[in-house]
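Comments concern the structure below.
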Amino acid sequence: MRILLIGYGWRSLFFFRIIKALPDRFTLVKWVLRTPQRADEVRRLHQVETSCDVAEALSCPHDLVILSVPSSSMESLLLLLIKHGETVLCETGFTAMSLEKLNALYHAYAASTSKVFVAEQYYRYPYYHSCCAIQPLLGPATEVRVASLHDHHGTSLIRHFLSEQGEPCTISAVCRSSWIVKTGARDTVVCSGERIQTKRTVAVFAFADGRTGYFDFADVQYHSCIRSSHFSLFAERGEIVDNEVRYLNADKEGIVQTIQRIEDGGSNNNPRSLRAVTFGDTYHFRNPYWPLGFNDDEIAIALCMEDACRGKGYPLHEALQDSYLAQCMHTSCSEGRAIETQPQSWSKAFSPPSLPC
């Protein structure tokens, strides 16, 4: 598949590494940068065709545009691509946009021939994919607790596992600050002993039929070795708590089993790579990119890229709903009151369900 990549930074390099590692699946036609200086730098550094002119790049034959830019540039560029009727895989930078702009963006998209998919990769993670595959064993879901992801990523998983389809809910959230010793950053281990303040956000998403989502995230969580991440799903016939699954068998007897990762490398000379995720004697996820050594984020992003190239994936209305709920959560925190969400312009796009496992 022929790809145009717009944007340069930490996340865009994920897309580039995946394209480079999978030449039989992806071809980078052109990399679009903001300035001629950056375009020249990237051309020399990565030996690729570059441009600083979006219109010129769009004239090249291609199958997919990947938009990986800061949220401040997302709206104008996405609207341009929608106007051109492009198939787009864009980043998830919608939470910073006002609700009015979110609705205006959806109206423009709904009136176009464009196909916009969003790189909301977490539901494509091997672990969450496996939880979704196990979920039918547990019966209808009643509660989910996501203590692993921030903002719209966390609300995305809550919605996904509760099969939320744009229904109104009541959101009650609190934010509290506390001290913690800093242990890391995006690409760094920190051993200085520096104390910093961290903010934890805890929220309850209460739906009218009793389904409940619990959000719990501290802003150091991604890069701290002393703050762990957790996921729990509670259903009528069982539960998943991290890697432990409890459920009733056909004889209504309680069974306990664990989700297992099968990885190569680490303790021998093989390249380190996830091979599969199993539950009991069933392989619920097989890594299609084994043995390339992709981490879970790269696996999930590569799957999002392949989905978009085939004209499917995480649709725009899902991502807008994720961002809307995250905005309401922060409003609840700042104003100290429960927020009642309302149907938005994209609400009618939720039927039939659009998030298969």
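The values are calculated or read from the model by the stated rules, or taken from the named source; none is laboratory data. On a predicted model such as this, the values are computed, not experimentally measured, just so you know. Methodologically, a virtual Cβ is constructed for each residue, glycine included, from the backbone with ideal geometry; neighbour enumeration extends over all protein chains shown. These accessible areas exclude ligands, DNA and RNA; they are computed on the full protein's heavy atoms, side chains included. Shrake-Rupley method; radii C 1.70, N 1.55, O 1.52, S 1.80 Å.
Taking the convex hull of the Cα atoms, report for the stretch 58-200 its projected area averaged over all directions, in nm². Across all orientations, the stretch 58-200 yields a mean hull projection of 12.7 nm². Taking all protein chains together and a 1.4 Å probe, the residues Ile66, Ile262 rank Ile262, Ile66 from largest to smallest accessible area. Net charge in the neighbourhood of His160 (other residues with Cβ under 12 Å of its Cβ; Lys, Arg +1, Asp, Glu -1) is -2. Ignoring aspartates and glutamates fewer than eight residues from Lys199 along the same chain, the ones with Cα atoms less than 17 angstrom from its Cα are Asp151, Asp216, Asp219, Glu335.
Per residue, the solvent-accessible area of the stretch 139-271 (1.4 Å probe, heavy atoms of protein chains only, all protein chains present) comes to 53 Å².
With both labels modelled 7 Å from their Cα along Cα-to-Cβ, the Ser228 to Thr27 distance reads 4.8 nm.
The alpha carbons of the stretch 32-117 give a radius of gyration and a Dmax of 13.9, 41 Å, in that order. Over the stretch 148-220, the fraction of Cα-Cα pairs per 5 Å bin, rounded to whole percents and listed from the shortest bin up, is 4, 14, 21, 19, 13, 11, 8, 6, 3, 1. Mean projected area of the convex hull spanned by the Cα atoms of the stretch 69-120, taken over all viewing directions: 3.2 nm². Binning the alpha carbon pair distances of the stretch 193-301 at 5 angstrom intervals from zero yields the distribution 2, 9, 13, 14, 16, 17, 14, 10, 4, 1, 0, expressed in whole percent.
Working ranking of peptides 74-81, 187-194 by packing, defined as the average number of other Cβ atoms within 10 Å per residue, highest first, is 74-81, 187-194. Couplings 3J(HN,Hα) for the stretch 335-345, derived from phi with the Karplus relation 6.51 cos²θ - 1.76 cosθ + 1.60 (θ = phi - 60°), are 9, x, 8, 6, 10, 9, 6, 10, x, 10, 4 Hz, where x marks Gly and Pro.
The length gained on full extension between Val241 and Asp209, counted as 0.36 nm times the residue separation minus their Cα-Cα distance, comes to 9.2 nm. Charged neighbours of Leu233, selected by a Cβ distance under 9 Å, balance to -1 (K, R count +1; D, E count -1). With R₀ fixed at 35 Å, the C-beta to C-beta distance from Ser192 to Ala108 puts the FRET efficiency at about 0.15. Kindly provide log₁₀ I(q)/I(0) values, in the same order as q = 0.15, 0.27, 0.31, 0.33 Å⁻¹, from the Debye equation applied to equal alpha-carbon scatterers of the stretch 206-251. The Debye formula, applied to the Cα set alone, gives -0.59, -1.02, -1.11, -1.16. Estimated from helices alone, the mean residue ellipticity of the chain at 222 nm is -10000 deg cm²/dmol (sum of -39500 (n - 2.57) over DSSP H runs with n ≥ 4, per residue). Note that the chain, at 4 °C in a medium of 1.567 mPa s, gets a Stokes-Einstein diffusion coefficient of 59 µm²/s from its Kirkwood radius over C-alpha pairs. Its alpha carbons give the stretch 242-357 an Rg and a Dmax of 20.0, 56 Å.
Too long at a 22 Å Cα-Cα cut-off: which of Lys30/Lys83; Lys101/Lys312; Lys83/Lys115; Lys30/Lys101? Table pairs above 22 Å Cα-Cα are Lys101/Lys312; Lys30/Lys101.
The modelled label-to-label distance between Asn295 and Ser351, using points 7 Å beyond Cα along the C-beta direction, is 4.2 nm. Solvent-accessible surface of protein heavy atoms, probed at 1.4 angstrom with all chains present, puts Lys83, Lys182, Lys312 in the order Lys83, Lys312, Lys182, largest first. Using θ = phi - 60° in the Karplus curve 6.51 cos²θ - 1.76 cosθ + 1.60, the 3J(HN,Hα) couplings for the stretch 101-117 round to 6, 4, 5, 5, 4, 5, 4, 5, 5, 4, 8, 10, 9, 5, 10, 10, 10 Hz; x is entered for Gly and Pro. If you take all other residues with their beta carbon under 14 Å from the beta carbon of Cys309, and give Lys and Arg +1 and Asp and Glu -1, the sum is 0.
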